[in-house]
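Written below as structure tokens is the structure these notes are about.
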Amino acid sequence: MLLALLFDSASANDRVNIVVQEPQFTFSAGQPLILDREAKLGEHEIDLSLRLRPLLEASNYSKAYEEITAFGGKPSAARHLLAAQLLSINGDYDAAIRSYQAAIKQMPHLTRAHAGIGTLYLLMQRYEPARQSLSKAVSLGVNDAETFAQLGYLNHKLSNPWSAITAYQQALMLEPDNAQSQQGLLAVLIASGQVSSASALISEMLKKDPASVALWQQRANLALQTQNAERALSSLETSIRLGDDNPQNRLAAALLHMRQENFDRASQLLKRNIDDSEIDPASLYPLVIWMIRQNAIDHANSLINAIRGSVLTVPRRQQSLISEMQGRLATAKNDSTRAVAFLSKAIDLDPANGDALVELARLHLSRAEFAQASLMFERAEMIGGHVKSAMLGRAQVAIETRDYAEALRLVRKVQGQFPGSYELDGYIQSLTSLYSAQKSSL
């Protein structure tokens with residue numbers, strides 16, 4: 001009878017994570033510097049108006065601001081507004097906000113001032129007051145794509161996805177081809193779990209910009225969410241072909257190829273990460289083990305050789321994993337002598353390598369070296385995460401040596417320590433029968 005010894009969990013079904021380039025949003029603090037539109041300079045500021053026009057037309061903003069501050073008399077709302085805009089251009093946002101507020105005090109419905117304050121708060125990452133100011137501007141009649149895009153961005157930041165979607169859609173009604181608003185809407189749709197709408201938007205965006213790496217990454221990510229592995233993989237491969245050099249995405253593509261048993265391409269992608277020092281032995285280990293179990297021996301061998309050549313000085317724990325991989329590969333090649341040597345080296349390098357201990361114990365068991373097998377299982381049992389498999393391994397040694405009483409004791413102990421191990425019920429019944437038969441024959 002052979003007990004079901006538990007294998008470690010390495011597999012190509014590990015979670016696939018795709019890194020998506022974050023969309024870059026650019027907002028400007030500047031507004032059109034136009035006199036006499038919404039707020040007009042006062043009659044006592046006519047002379048100032050004549051001085052400012054040529055300076056503004058020449059973009060001589062520093063001189064224009066000097067003229068404003070040097071001009072006497074009570075400033076009008078228009079003068080405060082223009083000063084705020086010039087201060088914004090110069091990056092003095094706090095002073096600009098004070099000037100906008102002074103303009104609003106004189107003209108409470110001055111939309112450009114409310115919008116200007118909102119934009120400055122956004123740039124200062126003060127999102128709640130930014131949203132309040134921009135919402136006020138909209139309520140007073142502002143109806144431009146930039147303001148709605150900013151409100152979409154702010155509502156997304158403030159975790160109000162439905163308001164964000166509405167704002168971005170309004171912005172796109174005014175400027176349908178605005179890539180920044182499209183990216184913003186896409187980000188909100190994805191964040192709020194509206195996968196089908198996000199996928200449809202990506203398809204439209206890719207028609208206009210088929211070389212966008214970020215869009216192909218998003219397409220792959222959405223495909224994974226709908227468990228469409230083929231679509232995810234084709235999108236990732238397109239992203240990589242277009243210049244996606246993110247090692248995490250190469251790893252994701254490799255995992256997806258491994259699920260389809262396309263080990264050639266998976267190995268190419270993993271070797272690229274090895275060559276770029278973007279994967280260490282610990283991260284490569286479960287992939288190599290899975291390849292060995294899928295009988296992709298040559299590919300596993302090439303990856304082991306590649307990682308050995310790329311890491312000249314690594315911690316002993318990492319060296320241990322490399323030796324363990326070599327040992328498992330030798331086992332798969334039915335070379336038990338080399339397998340024992342490599343696995344023993346792995347344990348010497350890291351005595352806490354429970355996987356290597358269990359693997360070496362199983363190897364000794366297959367060679368009928370029961371004392372060595374029992375010793376390795378006992379050592380593995382002292383290491384967290386390996387207790388169950390090690391105890392079952394000791395039980396298997398007892399079965400092979402016809403010590404059914406000990407085997408029965410160990411299996412029952414496993415059930416006691418690991419509630420829910422119902423798969424062992426049948427083994428207990430069989431062992432009970434064997435033990436009873438053994439006793440009766442004495």
Exercise for the section: Please report the relative contact order for the chain, taking Cα pairs under 8 Å with a sequence separation of at least 6, and give it as a percent rounded to a whole number. Expected result: 11 percent
Practice task
Determine the shape class of segment 253-352: with a ≥ b ≥ c the square roots of the Cα gyration tensor eigenvalues, call it rounded for a/c under 1.5, and otherwise prolate if a/b is greater than b/c, oblate otherwise.
Solution key: oblate
Exercise for the section: Give the distance, in whole Å, between the Cα centre of segment 190-223 and the Cα centre of segment 114-181. Expected result: 22 Å
Completion exercise
Taking a ≥ b ≥ c as the square roots of the Cα gyration tensor eigenvalues, with a/c under 1.5 meaning rounded and otherwise prolate when a/b beats b/c or oblate if not, segment 48-142 comes out prolate
Practice task
Could you check which residue among Thr238, Thr26, Thr111 shows the biggest mean-square fluctuation in a GNM of the chain with a 10 Å Cα cutoff?
Solution key: Thr26
Completion exercise
Most fluctuating of Ala330, Ala70, Ala95 in the GNM of the chain (C-alpha, under 10 Å) is Ala70
Completion exercise
Checking Ile383, Ile279, Ile165 against a Gaussian network model of the chain (alpha-carbon springs below 10 Å), the top fluctuating residue turns out to be Ile383
Practice task
Within segment 163-188, find all residues whose amide N lies under 20 Å from a label point positioned 7 Å from the Cα of Leu242 along Cα-to-beta-carbon.
Solution key: 177-188
Practice task
Can you tell me how much longer the chain between Asp264 and Tyr127 gets when fully stretched, taken as 0.36 nm per residue apart minus their C-alpha distance, in nm with one decimal?
Solution key: 44.4 nm
Practice task
May I ask you to list the residues of segment 306-346 whose amide nitrogen lies under 13 Å from a point 7 Å from Cα along the Cα→beta-carbon direction of Ala352?
Solution key: 316-318
Problem - Entries of Lys388/Lys439; Lys136/Lys157; Lys40/Lys74 with Cα pairs more than 20 Å apart - result: Lys388/Lys439
Problem - Amide proton proximity set for Phe25, modelled H, under 5 Å, gap of 5+ - result: none
Practice task
Provide the net charge surrounding Leu224, with neighbours chosen by a C-beta distance below 12 Å and charges set as Lys +1, Arg +1, Asp -1, Glu -1.
Solution key: +3
Exercise for the section: Set the Förster radius R0 to 41 Å, insert the Cβ-Cβ distance between Ala405 and Arg293 as r into 1/(1 + (r/R0)^6), and round the FRET efficiency to 0.05. Expected result: 0.75
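Assigning unit charges at the beta carbon (Lys, Arg +1; Asp, Glu -1) and nothing else, what dipole magnitude in debye, to the nearest 20, does the chain show about its Cα centre?
700 debye
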Exercise for the section: Return the distance in nm (one decimal) between the two label points of a simple spin-label model at Gln415 and Leu140, each offset 7 Å from Cα along Cα→Cβ. Expected result: 7.8 nm
Problem - Extension gain (nm, one decimal) between Gln438 and Asp177, 0.36 nm per residue minus Cα-Cα - result: 85.7 nm
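Coordinate-derived values only; no laboratory data. Everything quoted here is computed from the prediction, not taken from an experiment. Heads up, the Cβs are rebuilt from the backbone with ideal geometry, glycines too, and the neighbour counts pull from every protein chain shown.
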